[in-house]
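For reference, the structure is listed below as structure tokens.
The values are calculated or read from the model by the stated rules, or taken from the named source; none is laboratory data. Fair warning: this is a prediction, and the values are worked out from it, not measured in the lab. Ideal geometry is used to build each Cβ from the backbone, glycine not excepted, and the neighbour counts take in all protein chains shown.
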Amino acid sequence: MSSTSEQASGYDRDPRRAGASAAYDPYAGSYYTEGLTALAGWLLILGGCWSFFVGLALVVRKSYFTALPGYSATSHYAYQWNLSGWGWANLILGIVVVAAGACVLLGQTWARWAGVVLAVISGLGSFLFLPFYPFWSILVIAVDIFIIWALVTARRRQDT
């Protein structure tokens with residue numbers, strides 16, 4: 001027997017039932033999508049920790065970060081900023097991203113959308129950090145793209 005929500009949505013979630021609709025999505029609310037959402041939550045936590053420690057290093061010792069040859073944070077780069085201010089921004093962003101990742105793992109819907117916004121901000125920040133650590137920045141941007149995809153395509157599993 002179909003549940004009320006399945007009748008309201010117009011399709012049956014279980015293809016084994018008689019009369020299963022052609023609109024059945026085998027990954028809708030499956031363990032596969034739940035696993036990707038959990039992975040995105042853990043990657044948010046890991047990325048938030050990375051951001052926190054990068055910010056801590058920027059605040060404590062700015063000389064640790066050097067730009068590519070021919071570039072510096074104050075000249076020859078279109079996006080200029082104070083490294084100390086950037087460090088504080090990374091510290092705060094790291095703490096917020098860790099909290100959002102934990103809430104994603106707890107299954108809170110608002111945290112998925114907050115995680116998407118924070119992953120976009122993280123990706124933009126990594127783009128601005130390209131002259132200092134190009135490989136690392138590209139890696140973080142790629143992870144942020146995966147996080148955005150996993151959180152946007154996530155669906156809740158409904159047991160019937």
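Structure above, values below:
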read-out	value
All positions within the range 119-149 that are among the aliphatic types (A, V, I, L, M) and at pLDDT below 90	128, 130
When residues of the range 99-109 are limited to those that are surrounded by fewer than 20 Cβ atoms within 10 Å (Cβ to Cβ) and at pLDDT 90 or above, the one farthest from residue 33 (Cα to Cα)	99
Selected residue [of a type in the set (A, V, I, L, M, F, W, C) and either at pLDDT below 55 or loosely packed, with under 14 Cβ neighbours inside 10 Å (or both)] from 53, 65	53
Test for residue 24: is it at pLDDT 60 or above and loosely packed, with under 14 Cβ neighbours inside 10 Å	no
